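First comes the structure, then the notes that go with it.
The values are calculated or read from the model by the stated rules, or taken from the named source; none is laboratory data. Just so it is clear, the structure is predicted and the values come from calculations on it, not from any experiment. Using ideal geometry, Cβ is built from the backbone for each residue, glycine included, and neighbour counts are taken over all protein chains shown. Surface areas here come from the heavy atoms of the whole protein model, side chains and all, with no ligands, DNA or RNA. Shrake-Rupley method; radii C 1.70, N 1.55, O 1.52, S 1.80 Å.
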Amino acid sequence: MSRSTAVTSTDHADDGTIGPADAVYALVSTLVRHSRRDVSLTSASTLGTLRRTGPRRITDLAAIEGVTQPSVTALVTSLERAGLVERRSDPADRRVVLVALTDAGLDYLAERRRSSVEVFARLIDRLPPDEAAALAAAVPALEHLRALDDAQREPGPA
């Protein structure tokens, strides 16, 4: 089986095992199921984007998150009311409004991440040592996958 077939296939193998994409998807589903639900997934993703990239224009956020500008405007308004983000002027161009995380937004993300890490840590603690070691060995590849997604989500030059 070629590398691309093994990695991109979402079909179950004849022996009943699942492929890498299925396994990662199942882990993401586990994370979503155990995550705080006080904000939408799009809101949480937007907060994460702001943490990763710093203050952004609403148009940039819409492109990065793959949603319409009016949707992001409404989302930002909701996050602003919750005290998680703030709008501020761009120092380079006072006509431009940037959306930035507040300290409360940073704290929210840290707590959400801590809670999610605890869920996975409890599950990993239940694995046999060889499977836990295999997960540890996969961390660089998982980080690379995240970096590839981050790069793909960046909007092009304005």
When you go through (1) open to solvent by 40 Å² or more (accessible area, probe 1.4 Å); (2) of a type in the set (A, V, I, L, M, F, W, C); (3) at pLDDT 95 or above one by one for ALA100, which number turns out not to apply?
(1)
Within the stretch 78-97, which residues are open to solvent by 40 Å² or more (accessible area, probe 1.4 Å) and over 25 Å from ARG33 (Cβ atoms)?
GLU80, ARG81, GLU86, ARG87, ARG88, SER89, PRO91, ALA92, ASP93, ARG94, ARG95, VAL97
Give the stretch 17-64 a look and list any residue that's over 28 Å from ALA92 (Cβ atoms) and among the basic types (Lys, Arg), or say none.
ARG33, ARG36, ARG37
Could you say whether any residue in the stretch 137-147 is under 26 Å from ALA82 (Cα atoms) and assigned to a helix (DSSP H, G or I)?
no
Only residues that are touching an Asp or Glu at 6+ places or on another chain (Cβ under 8 Å) and under 14 Å from SER116 (Cβ atoms): list them for the stretch 44-61, please.
SER45
Between residues in the stretch 112-129 that are more than 15 Å from ARG33 (Cα to Cα) and residues that are open to solvent by 80 Å² or more (accessible area, probe 1.4 Å), which pairs lie under 9 Å by C-beta distance while being six or more apart or on different chains?
ILE124/GLU131
Residue tally, condition open to solvent by 50 Å² or more (accessible area, probe 1.4 Å), of a type outside the set (Asp, Glu) and farther than 15 Å from THR49 by Cα, over the stretch 105-123:
5
What residue, of THR46, THR68, is open to solvent by less than 50 Å² (accessible area, probe 1.4 Å) and more than 23 Å from ALA141 (Cα to Cα)?
THR46
Scanning for something farther than 14 Å from SER45 by Cβ, among the aromatic types (Phe, Trp, Tyr) and under 20 Å from the mean Cα position of the chain (by Cα), does the stretch 109-120 turn up at least one residue?
yes
Would a scan of the stretch 34-42 turn up a residue that is buried (at least 17 other Cβ atoms within 10 Å of the Cβ), of a type in the set (A, V, I, L, M, F, W, C), under 21 Å from ASP150 (Cβ atoms) and within 13 Å of the chain's Cα centre (by Cα)?
no
Show the residue pairs that are 6+ apart or on different chains and have beta-carbon atoms under 9 Å apart, the first residue being within the stretch 147-158 and over 13 Å from THR49 (Cβ atoms), the second being of a type outside the set (Lys, Arg) and modelled with pLDDT of 80 or more.
GLY156/ALA63; ALA158/THR59; ALA158/ASP60
Number of the condition not met by ALA13 [criteria: (1) hydrophobic (A, V, I, L, M, F, W, C); (2) part of a loop (DSSP other than H, G, I, E, B); (3) at pLDDT 85 or above]
(3)
